[in-house]
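> Below you'll find the structure I mean.
The values are calculated or read from the model by the stated rules, or taken from the named source; none is laboratory data. Computed from a predicted structure; not experimentally measured. Because the Cβ atoms are built from the backbone with ideal geometry, glycine has one as well, and the counts that use them run over all protein chains shown.
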Amino acid sequence: MALDDRSKTRDFKVIGTRPVRPDGIDKVTGRAKFGADATAPGMLTGRVLRSPHPHARIRRIDASKAEALPGVKAVVTRADFGEVPEDVFDILDNCMAGEKALYDGHAVAAVAASSPAVAKRAAKLIEVEYEPLPHVTDVDEAMKPEAPALHEGRTEETVPEGMSPNVISRVQFGHGDIEAGLAQADRVVERTYRTAATHQGYIEPHACLASMGPDGQADLWCCTQGHYLVRNTCAAILGMEQGQLRVTASEIGGGFGGKTTVFLEPVALALSRKAGRPVKMVMSRSEVLRASGPTASSSVDVRIGMTKDGRITAGFAELRYQGGAYPGSPVDMGSMSAFAPYDLENVRTVGWDIVTNRPKQAAYRAPGAPMAAFAVESAIDELAKGFGLDPLEVRLKNGADEGTKASYGPTYPAIGLMATLEAAKSHPHWSAPLGKGQGRGVACGFWFNFGGDTCVSLNITPDGTVTVSEGNPDIGGSRASMTMMAAEELGIPYDQVRTIIADTGSLGQNEVTDGSRVTFAVGLATIEAARNAKREMCRRAAMVWGIDEEAVVWEDGAARPSGPNAGEHPPMTLAEIAAIASNTGGPIAGHYEVNAEGAGVSFATHMVDVEVDRDTGATKILRYTVFQDAGKAVHPSYVEGQFQGGAVQGIGWALNEEYIYGDDGVLQNPGFLDYRVPVASDLPMIDTVILEIPNPGHPYGVRGVGETSIVPPLAAIANAVSEAAGVRMTDLPMSPPRILAAIENG
Amino acid sequence: MSQIHVTTSINGDQTEFLCEPDETLLDVLRDRLGLTGSKEGCGTGDCGACSVTVDGRVVCSCLMLGAEAEGHDIGTIEGMAEGDKLHPLQEKFLQEAALQCGICTPGILVAAKALLEHNPAPTEEETRYWLAGNLCRCTGYDKIIRAVMDTAEDMRRAS
Amino acid sequence: MWGSLAEAADGSTEVEIEAGTLRELLDGLAGEYPGLAPELERGISVAIDGRVYNDSWFTPIKPDSEVVLLRRLKGG
């Protein structure tokens, strides 16, 4: 779907305003129903028993004592699941361990009982005989040939022979000649950068309520970023037909990628099937941290060459990401995005996907990109500062623009990187003075943004108001955006449209709320559904007027005659057409189903000032400004909110957050006290500058905005801290002890 | 274990319930009284999503036993609006888009209301420290802090 | 084609396939370069003239189109 010609100059009436979101009242009054807020008649409580070992063979499970406890209605283990298709095998194995427990917290059995207290007691009565095995949790250690192997036979053909079976795959991207490029450089920086695994940290733990009857029909309520994906995955795991499982998405209390898979849902369905009763399951915070997806930890080697006037002659990165106990770390995304902001003749990345005895990683906001950007943007900063060059000028000199062959292959259409850099350069933040012990950092970031399968159904009610049904859980205000786009297209006020998230029985397939796709793809489908409804309403008006439907146009919420032979007729409003729908052929609706294509890539530049306390090693964020291209900001407040939220998650990643494993392979900080996400008193206001370089692939020019904002902060903050501390920081998080050690070692 | 009979006031309504001796106030509110506006984000007092007031003081209801509510005045998010009239903080959060997913919003509103009752003219720093026990992962806090301070200003003007 | 695919395609980073649609292109690739089969089966994304496509078989490819095979994209 191409950008409307008139969108470039168009005066939008609704797009760009800041109305109150449709789910707002429910969310400020406590009425909104989240995952754990549902109940059902006869409901049981489900609870999971988890492995205390990071790696162990499961020799035997004896549930007889648990089953004998009064109030216990069902116990399930892996034996209760049959053979499953290959593409969901790892997902099932992560939800319920098979032959081996592969990480601390891996589910090994589950129980359903009449109360939470009974379920808790019953879980303790399940006897599991483990044979502990050697384990490995560090990415570089796991690559060594002598490292304990998690799996055999999973290595892809892309991996050279002789490596550890923990090395699953290798990807390579790029073009040009790295060595020739480096030879042209006046200086080459070669360093290794490391980042710790961090968790998405959504405040709402995973929760679901499953009900399955002996007829094989089932209903599932859960907090998820994609209830269609939950349906398809659970149906495959439980051997059901997709049409027999209806999934309803609750309000979702944050996801950031972490709710794009299943953890409890297949287990709750299996328990419900066995017990013949509805089963509710809710994770505790420690379960969330131990057993739901953090992102990968990484170790990245970078070599970048630059001439003394700031031209990058070659860029190389070798990325090693561990994605937990199963294949699928986002190293491929990291390898593709590492150099994406730059126009380079010689660029190459190599990515290695590694398994370790940690929880299976799940997507986390621009999966794989922040770690790669941390390494590349740190090295560019070091080169620029080494030559005494302005780091923004260096980026402007090498930045990608329309027509650049991207480091991952394609040629860019119109993109917004340069606009973000220019805006950063002219912003007062860039020229503001810094005090003693303070530093300023900048960095750029890139994310692809996605499209994918999308359905929207738009119905005209008899009184002329409009309902929109879409299939993507609203995680940050997307119902408001859809309502706005429908109102804009139909030419009616915002408050005459209401958007809901339909269950899986009500629409066709919908991709997950991920990849910053919703405002783009669901928005596009909403606009097209509205256009289909308008065409039908014009046809109805034409019938009434007795003229050709081609002679009717839709303007300002009404059908109007147009053209030489249309005749004189007063406009018919949407409400007037709706009122006589039964007389003109029946109810009126517009719908649209599409595999949406044409998502526009997005870029951001972040600027941050920090102060480092040389006595304690503590870092304070003094000022932060985000410059990002939104294509077209539909609801600017929620666009700003995405920019701010991503930046602050990045601040947490850069300074505090870290999965800490002891030598015993057990997670040492499975709680918000020790896994410390940023709190209000850690932060300043986060300033935002929205750039609008229209996406050529959307009627209004919309690009996704949700993910890019977490890509630059790691490097921007590291560049600022390095300046303030007078020493280059290469390992995240830059916690006080690390900064003190770095200062000491000079 | 025999259950404990508790008489308390919740959002101004006289309320009686039975609870287990080890049951938290949060579980009582959510599972026995149907007041699911208070959320459990951690169960350890670190996230503030379960914030309620006890005689006007902000408390993590996951850290308090249901039995301890005996004789006290409990305030939850469900009691914040008066009928169909939203509290000025609720209004401001809507107008200024100070929420994204909304899971932390009830706890933040309860805590912010207590702040303004305690200090009608908080500085940004005071607001940030008062709300430091309420985690929000979506917004980066910017719009939340602004909404609380803007509400304080409106309320001062109106009084 | 990205490096890993190029290796599987006997070292060619650019190949010529007679194809008018995405499906013809993928079939042609699999036919000419059997080494690509595992990567193609795992799923790839395709950028045609800078625009990314996932599964739309009948996306037309013009004679002068730039076609780039990518690793399958997944987001958060």
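> Are there strands (runs of 3 or more DSSP E) fully within the range A:261-369 with at least 3 residues that are away from every other protein chain (no Cβ under 12 Å)? List them.
Values: elements: A:279-282, A:297-306, A:312-322, A:347-354.
Strands (runs of 3 or more DSSP E) meeting the threshold: A:297-306, A:312-322.
Residue-by-condition table, conditions (1) more than 14 Å from chain B (Cβ to nearest Cβ); (2) within 25 Å of A:PRO294 (Cβ to Cβ); (3) of a type outside the set (Val, Ile, Thr):
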site	(1), (2), (3)
A:HIS698	yes, no, yes
A:VAL721	yes, yes, no
A:THR730	yes, yes, no
A:ALA741	yes, yes, yes
A:GLU744	yes, no, yes
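> Sticking with this structure for a sec: Can we say B:THR105 is in contact with a helix residue (DSSP H, G or I) (Cβ under 9 Å, 6 or more places away or on another chain), closer than 22 Å to A:GLY253 by Cα and modelled with pLDDT of 95 or more?
Numbers: in contact with a helix residue (DSSP H, G or I) (Cβ under 9 Å, 6 or more places away or on another chain): yes; closer than 22 Å to A:GLY253 by Cα: yes; modelled with pLDDT of 95 or more: yes.
When the stated conditions are applied, B:THR105 passes them.
> Ok, one more. Let me spell it out: the conditions are (1) buried (at least 24 other Cβ atoms within 10 Å of the Cβ); (2) away from chain C (no Cβ under 14 Å); (3) more than 30 Å from A:ALA558 (Cα to Cα), and A:GLY437 meets all of them except one. Which number is the exception?
Of the numbered conditions (1) buried (at least 24 other Cβ atoms within 10 Å of the Cβ); (2) away from chain C (no Cβ under 14 Å); (3) more than 30 Å from A:ALA558 (Cα to Cα), the odd one out for A:GLY437 is (1).
> If you don't mind, there's one more thing I want to ask. Run down B:THR53, B:THR123, B:THR139 and say which single residue is under 23 Å from A:ARG21 (Cα atoms) and among the polar types (S, T, N, Q). Write out each step before concluding.
Working: B:THR53 fails: under 23 Å from A:ARG21 (Cα atoms); B:THR123 fails: under 23 Å from A:ARG21 (Cα atoms).
Testing whether each residue is under 23 Å from A:ARG21 (Cα atoms) and among the polar types (S, T, N, Q) leaves just B:THR139.
> Then there is this: I'm checking my understanding of the structure. Among residues of the range A:164-185 that are in contact with a strand residue (DSSP E or B) (Cβ under 9 Å, 6 or more places away or on another chain) and part of a loop (DSSP other than H, G, I, E, B), which one is surrounded by the most Cβ atoms within 10 Å (Cβ to Cβ)?
It comes out as A:ASN166.
> Let me ask something additional. Between residues in the range A:731-742 that are surrounded by fewer than 18 Cβ atoms within 10 Å (Cβ to Cβ) and residues that are in a helix (DSSP H, G or I), which pairs lie under 8 Å by C-beta distance while being six or more apart or on different chains?
What qualifies is A:ASP731/A:ARG738.
> I'm checking my understanding of the structure. Among residues of the range A:662-688 that are farther than 14 Å from B:GLU124 by Cβ, among the hydrophobic types (A, V, I, L, M, F, W, C) and within 9 Å of chain B (Cβ to nearest Cβ), which one is surrounded by the fewest Cβ atoms within 10 Å (Cβ to Cβ)?
Looking at residues that are farther than 14 Å from B:GLU124 by Cβ, among the hydrophobic types (A, V, I, L, M, F, W, C) and within 9 Å of chain B (Cβ to nearest Cβ), I get A:LEU673.
> Hey, any hits in the range A:531-552 for a residue that's of a type outside the set (Lys, Arg), within 14 Å of another protein chain (Cβ to nearest Cβ), buried (at least 18 other Cβ atoms within 10 Å of the Cβ) and in a helix (DSSP H, G or I)? Walk me through it before giving the result.
Step one: filter the range A:531-552 for residues of a type outside the set (Lys, Arg), giving A:532-533, A:536-538, A:541-552.
Within this subset, residues satisfying the condition of being within 14 Å of another protein chain (Cβ to nearest Cβ) are none.
So far as the range A:531-552 goes, no, none of its residues is of a type outside the set (Lys, Arg), within 14 Å of another protein chain (Cβ to nearest Cβ), buried (at least 18 other Cβ atoms within 10 Å of the Cβ) and in a helix (DSSP H, G or I).
> Let me ask you something else. Could you please let me know if A:GLU129 is in a helix (DSSP H, G or I), more than 25 Å from A:CYS222 (Cα to Cα) and outside the structural domain of A:ALA236 (by TED's automatic domain parsing)?
On the way: in a helix (DSSP H, G or I): no; more than 25 Å from A:CYS222 (Cα to Cα): yes; outside the structural domain of A:ALA236 (by TED's automatic domain parsing): yes.
No.
One line per residue, one yes/no per condition, for (1) away from chain A (no Cβ under 11 Å); (2) crowded, with 21+ Cβ neighbours inside 10 Å:
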site	(1), (2)
B:ILE74	yes, yes
B:GLU82	yes, no
B:LEU89	no, yes
B:LYS92	no, yes
B:LYS113	yes, yes
B:PRO120	yes, no
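> Return the only residue of A:ALA432, A:ALA443, A:ALA480, A:ALA487 being within 19 Å of A:VAL634 (Cα to Cα), of a type in the set (Gly, Ala, Ser) and more than 14 Å from every other protein chain (Cβ to nearest Cβ).
Values: A:ALA432 fails: within 19 Å of A:VAL634 (Cα to Cα); A:ALA443 fails: within 19 Å of A:VAL634 (Cα to Cα); A:ALA480 fails: more than 14 Å from every other protein chain (Cβ to nearest Cβ).
On inspection, the qualifying residue turns out to be A:ALA487.
> Where in the range C:1-74 are the strands (runs of 3 or more DSSP E), entirely inside, with at least 1 residues that are basic (Lys, Arg), in contact with a helix residue (DSSP H, G or I) (Cβ under 9 Å, 6 or more places away or on another chain) and within 8 Å of chain A (Cβ to nearest Cβ)?
On the way: elements: C:44-48, C:51-53, C:67-71.
It comes to C:67-71.
> A further question follows. Which pairs have Cβ atoms under 7 Å, sit 6 or more apart or on different chains, and link a residue in the range B:108-127 that is over 22 Å from B:CYS138 (Cβ atoms) and not assigned by TED's automatic domain parsing to the domain that holds B:ASP142 to one that is at pLDDT below 95 and surrounded by 13 or more Cβ atoms within 10 Å (Cβ to Cβ)?
Qualifying pairs under 7 Å: none.
> Ok, one more. Does the range A:192-207 contain at least one residue that is in the same structural domain as A:MET281 (by TED's automatic domain parsing), basic (Lys, Arg) and closer than 23 Å to A:ASN94 by Cα? Walk me through how you get there before you give the answer.
Initial filter on the range A:192-207 (in the same structural domain as A:MET281 (by TED's automatic domain parsing)): A:192-207.
Right, trim to basic (Lys, Arg) and you get A:194.
Filter once more, keeping what is closer than 23 Å to A:ASN94 by Cα: none.
There is no residue in the range A:192-207 that is in the same structural domain as A:MET281 (by TED's automatic domain parsing), basic (Lys, Arg) and closer than 23 Å to A:ASN94 by Cα.
> Find the residue count for the range A:382-441, including only residues that are closer than 26 Å to A:THR192 by Cβ and of a type in the set (Asp, Glu).
Of the residues in that region, 1 qualify.
> Taking the stated definitions as given, is A:GLN628 part of a helix (DSSP H, G or I), within 27 Å of the chain's Cα centre (by Cα) and either at positive phi or not assigned by TED's automatic domain parsing to the domain that holds A:TYR364 (or both)?
no
> Identify the residue in the range B:23-48 that is more than 9 Å from every other protein chain (Cβ to nearest Cβ) and aliphatic (A, V, I, L, M) and, among all such residues, is surrounded by the fewest Cβ atoms within 10 Å (Cβ to Cβ).
B:LEU33
> Among the candidates A:VAL677, A:VAL721, A:VAL702, which residue alone is out of contact with any strand residue (DSSP E or B) (no Cβ under 6 Å at 6 or more places or on another chain) and under 30 Å from A:GLY746 (Cα atoms)?
On the way: A:VAL721 fails: out of contact with any strand residue (DSSP E or B) (no Cβ under 6 Å at 6 or more places or on another chain); A:VAL702 fails: under 30 Å from A:GLY746 (Cα atoms).
Every option except A:VAL677 fails the conditions.
> Continuing with this model, one more query. Can you give me the number of residues within the range A:187-227 that are more than 14 Å from chain B (Cβ to nearest Cβ) and either among the hydrophobic types (A, V, I, L, M, F, W, C) or in contact with a strand residue (DSSP E or B) (Cβ under 7 Å, 6 or more places away or on another chain) (or both)? Before the answer, list the steps.
Filtering the range A:187-227 down to residues more than 14 Å from chain B (Cβ to nearest Cβ) leaves A:187-197, A:208, A:210-220, A:222, A:226-227.
Add one more test, that the residue is either among the hydrophobic types (A, V, I, L, M, F, W, C) or in contact with a strand residue (DSSP E or B) (Cβ under 7 Å, 6 or more places away or on another chain) (or both), and what stays is A:187-197, A:208, A:210-212, A:218-220, A:222, A:227.
The number of residues fulfilling the criteria is 20.
> If you don't mind, another one. Kindly indicate the residue of the range B:49-72 that is in a helix (DSSP H, G or I) and out of contact with any helix residue (DSSP H, G or I) (no Cβ under 8 Å at 6 or more places or on another chain) and also farthest from the other protein chains (Cβ to nearest Cβ) among those meeting that condition.
Going through the range B:49-72, the residues in a helix (DSSP H, G or I) turn out to be B:61-63, B:66-69.
Next cut, out of contact with any helix residue (DSSP H, G or I) (no Cβ under 8 Å at 6 or more places or on another chain) only: B:63, B:67.
Working: B:LEU63: 12, B:ALA67: 15 Å.
Top of the filtered list is B:ALA67.
> Of the residues A:THR198, A:THR224, which single one is crowded, with 18+ Cβ neighbours inside 10 Å, within 19 Å of the chain's Cα centre (by Cα) and under 30 Å from A:ILE304 (Cα atoms)? Talk me through it step by step, then tell me what you get.
On the way: A:THR224 fails: under 30 Å from A:ILE304 (Cα atoms).
Answer to the check: A:THR198.
> Restricting attention to the range A:35-51, which residues are within 33 Å of the chain's Cα centre (by Cα), over 20 Å from A:ALA79 (Cα atoms) and not small (Gly, Ala, Ser)? Outline the logic, then answer.
Filtering the range A:35-51 down to residues within 33 Å of the chain's Cα centre (by Cα) leaves A:35-40, A:43-51.
This time we only want the ones that are over 20 Å from A:ALA79 (Cα atoms), so: A:35-40, A:43-45.
A:ASP37, A:THR39, A:MET43, A:LEU44, A:THR45, listed by residue number.
> To continue, here is another question. Failed condition for B:LEU131, given (1) buried (at least 19 other Cβ atoms within 10 Å of the Cβ); (2) closer than 27 Å to A:ALA480 by Cβ; (3) more than 9 Å from every other protein chain (Cβ to nearest Cβ), with all others met?
(3)
> Now for a different question. Give me the residue from the range A:72-83 that is in a loop (DSSP other than H, G, I, E, B) and surrounded by fewer than 18 Cβ atoms within 10 Å (Cβ to Cβ) and, out of that set, modelled with the highest pLDDT.
Kept after step one, since they are in a loop (DSSP other than H, G, I, E, B), are these residues of the range A:72-83: A:77, A:81-83.
Cutting the leftovers down to surrounded by fewer than 18 Cβ atoms within 10 Å (Cβ to Cβ) gives us A:82-83.
Working: A:GLY82: 93, A:GLU83: 96.
In this case the residue turns out to be A:GLU83.
> Would you mind listing the helices (runs of 4 or more DSSP H) fully within the range A:387-463 where at least 3 residues are touching a residue at least 40 places away in the same chain (Cβ under 8 Å)? Break it down stepwise before answering.
Working: elements: A:391-398, A:417-426, A:428-431.
Of the helices (runs of 4 or more DSSP H) lying wholly inside the range A:387-463, those with at least 3 residues that are touching a residue at least 40 places away in the same chain (Cβ under 8 Å) span A:391-398, A:417-426.
> Only one of (1) under 30 Å from A:ARG311 (Cα atoms); (2) within 22 Å of the chain's Cα centre (by Cα) is not met by A:LYS405, so which one is it?
Among (1) under 30 Å from A:ARG311 (Cα atoms); (2) within 22 Å of the chain's Cα centre (by Cα), the lone unmet condition for A:LYS405 is (2).
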